[in-house]
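Undergrad: Provided herewith is a single structure, encoded as C-alpha cells, for subsequent inquiry.
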Amino acid sequence: MDEAGGSEEPLHILRGKYHDYCSAQVADLLVYMSPEEIYTLAHSVLTEEANADDISYTEMVGIATEWLSRRVALPPFEVWVEDYRRHPQRYDEYLLGLWKREEHEG
C-alpha cells in the first residue's frame, strides 16, 4: 500500500483479485437461491438450448452460476482497478482468496 492507503500491487495480482471479487458477487447471489430455484433456472436454460436431459445438482449449480454471471452488473476491470487502488479496504472483505492461487502460479 502507498502512504495514502491505496494499493500498488502488480497488475496480474489486481486482475486475480478482480476475478475473485466478481466470483464472490455471483456466489453471494447463488446462496440466496433455493435448490428449487436453481433446478427451475437450470432446466429453463437447458430447455432453451434443447438439452434438458437428466443432469446432476452440481451441473445445475454450474448452469445457474453461468447464467447469473452474465446478468450481474459488475464493473469492467479498468473501472474496478481504479477504485480498488484508491480504496482496497472496500473490496478486501468480499474477496474469497482465489486470487492467492493466481499469485503463486503467476
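Here, each number is a calculation from the coordinates, and none is a lab measurement. Worth saying up front: this structure is predicted, and the values here are computed from it rather than measured. Cβ coordinates were reconstructed from backbone atoms using ideal geometry, including for glycine residues, and neighbour counts include every protein chain displayed.
Undergrad: Name the GluC sites (Glu not before Pro) in segment 11-72 that are in a loop by DSSP and that have at most 15 other C-beta atoms within 10 Å, would you?
TA: E49
Undergrad: Considering the options Y32, W67, Y21, tell which one lies farthest towards the positive end of the dipole of segment 11-105, charges being +1 on Lys and Arg and -1 on Asp and Glu at the Cβ, about the Cα centre.
TA: Result: Y21.
Undergrad: Still on this structure: Near P75, within a Cβ-to-Cβ distance under 10 Å, what is the net charge of the other residues, with Lys and Arg +1 and Asp and Glu -1?
TA: -3
Undergrad: Taking the beta-carbon count within 10 Å as an exposure proxy, list L41, L98 from fewest neighbours to most.
TA: On the way: L41 17, L98 14.
In increasing order of surrounding Cβ atoms, one gets L98, L41.
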